[in-house]
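Below is one structure, written out as structure tokens, with a few remarks after it.
The values are calculated or read from the model by the stated rules, or taken from the named source; none is laboratory data. The structure displayed is predicted, hence computed values, not measured ones. Virtual Cβ from ideal backbone geometry, glycine too; neighbours counted across all protein chains shown. Surface areas here come from the heavy atoms of the whole protein model, side chains and all, with no ligands, DNA or RNA. Shrake-Rupley method; radii C 1.70, N 1.55, O 1.52, S 1.80 Å.
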Amino acid sequence: MNMRALVIGVILGAAAANAAEPDWKVVEKRALEFLQEYVRIASINPPADTAAAAALFQRELEKNGLAPKVYHSGPGGQTNLVVRLKGRDSSKKPLLLLNHFDVVPVDAKAWGMDPFGAMVRDGFIWGRGTLDMKGIGVEHLMSLIALHNAGVTPDRDIVMICTADEESGGARGIQWMIENHFSEIDAEYVLDEGGMGSRDALAPDKLVFGISVGDKVPVWLRLHAKGTAGHGSQPIPDNANLILLDAIRKAMALPDGGKASPVVEEMKRAIGTPLAQNKFTSAIQRNTISLTTLSAGVGSPPRVNVIPSTSEAGLDCRVLPGTNTEEFISDLKARINDPRVTVEIINVAPDPGVSSTDTSLYKAMRAAILKRHPDAVVTPMIVPFGTDSAFLHRRGAIKYGLTPMILDTATAATMHSDQERIPVGEFLQGIHIFYDVLASEF
Ligand SMILES: [Zn+2]
């Protein structure tokens, strides 16, 4: 190398080093604005019309010189988006950032505000989807764009996919993409929602960052009870509603003391104190059943003076990874033990087990979290809900759930509920954590 080349090399090297630091003020301002625009698109599932959300992402990516591909997967506007940032080592399979465009419906009366207003108040941004999972989706998007604009070539290809249909099981979303465009999203690693940081939700008075290495497995069932119809004035024991109530009570009486999850045991060891006591930590320590729907009555609106001949209940069961779901369902039927009640299987999700923590990506996430929060305990965990990445996990991808935000118990509990929100500061901090992960060797 001659002197001139050396000088140019040094200058270029310095330029690359300088280029590696994004203008964070600009990134953060745009991220918050963008999240507000995104929340204002009511991409409710059903029907999961996510065309407007996809168009918003497409514009932002194209404006920043990236080339997203948009995939229409259904007649109701269901739309998925994929974008790829080229990495240095093409022999390595990509890292996939996975988030979903769709949100669950709202009970508008319970909110006390516009659930799609994206209001910023008291340090939070409020609205359906902020937590599940538009906030993380924007963190994925903005960290990817920041990386690209800073001229950083990642260790390997990074692909982001935004799916249409996570909240109904992914038939028009991740499952459709796997069936029709798998080569676009085939990855070694998948980063999805799940996991979180908290000072109270995982252990009392201790900052714990859980990185999810697996999901509980959804087993959705519907109980149908059959009885004899009649006049409400003359009660009978063969009333479908009474039969159903009895069956629900028996179905939900899960035996205590099942097999513990090894991940939760490791989590307890890492934390060193008992877990906090709340619905989240309770759910990751056992199989659970929630009674979520009840439907009965004759006429619309249902008549109070008519005993119906049928009655139905929906049960959202979630089992620990490694649970035999067939056995779980047959045990439930045995507990009900009533020929007048049938158990319909609505959906049993695949059980891909749990991901190893002995990977370079896990170490990179751990380091990125500790850089921002040196006092945190970083631990693997499982999450009680199922996510899209389970389908890719089942096809061999290593899957983690990273929600790089510190949330208190009350905030975390707003997922799928009213007053859903995330703290603005944590939302922005999460972009930095994702950026550090994506800029590292993994
Ligand atoms: Zn979600």
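Summary table below
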quantity	calculated
Given (1) within 16 Å of the ligand (Cβ to nearest atom); (2) assigned to a strand (DSSP E or B), index of the condition GLY386 fails	(2)
Residues of segment 298-335 satisfying the condition of being among the small types (Gly, Ala, Ser) and crowded, with 16+ Cβ neighbours inside 10 Å	SER309, SER311, ALA313, GLY314
Only listed residue being touching a Lys or Arg at 6+ places or on another chain (Cβ under 7 Å), within 28 Å of LEU66 (Cα to Cα) and at pLDDT 95 or above, chosen from ARG172, ARG156	ARG156
Condition broken by GLU184, with the remaining ones in (1) over 21 Å from PRO404 (Cα atoms); (2) of a type in the set (Asp, Glu); (3) open to solvent by less than 10 Å² (accessible area, probe 1.4 Å) satisfied	(3)
Candidates ARG421, ARG372, ARG394, filtered to the one that is within 16 Å of the ligand (Cβ to nearest atom) and of a type in the set (Lys, Arg)	ARG421
Any hit, segment 214-227, residues being open to solvent by less than 10 Å² (accessible area, probe 1.4 Å) and charged (D, E, K, R)	yes
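Yes/no per residue for (1) open to solvent by less than 20 Å² (accessible area, probe 1.4 Å); (2) without any contact (Cβ under 8 Å) to a residue 40 or more places away in the chain; (3) assigned to a loop (DSSP other than H, G, I, E, B); (4) not aromatic (Phe, Trp, Tyr):
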{"position": "ALA53", "(1), (2), (3), (4)": "yes, no, no, yes"}
{"position": "VAL70", "(1), (2), (3), (4)": "no, yes, no, yes"}
{"position": "ASN80", "(1), (2), (3), (4)": "yes, no, no, yes"}
{"position": "ALA110", "(1), (2), (3), (4)": "no, no, no, yes"}
{"position": "LEU131", "(1), (2), (3), (4)": "yes, no, no, yes"}
{"position": "VAL138", "(1), (2), (3), (4)": "yes, no, no, yes"}
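Yes/no matrix, rows are residues, columns are (1) closer than 26 Å to THR357 by Cα; (2) part of a helix (DSSP H, G or I); (3) of a type in the set (Ser, Thr, Tyr):
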site: GLY194; (1), (2), (3): yes, no, no
site: LEU202; (1), (2), (3): yes, no, no
site: SER212; (1), (2), (3): yes, no, yes
site: GLY257; (1), (2), (3): no, no, no
site: GLU266; (1), (2), (3): yes, yes, no
site: THR273; (1), (2), (3): yes, no, yes
site: THR281; (1), (2), (3): yes, yes, yes
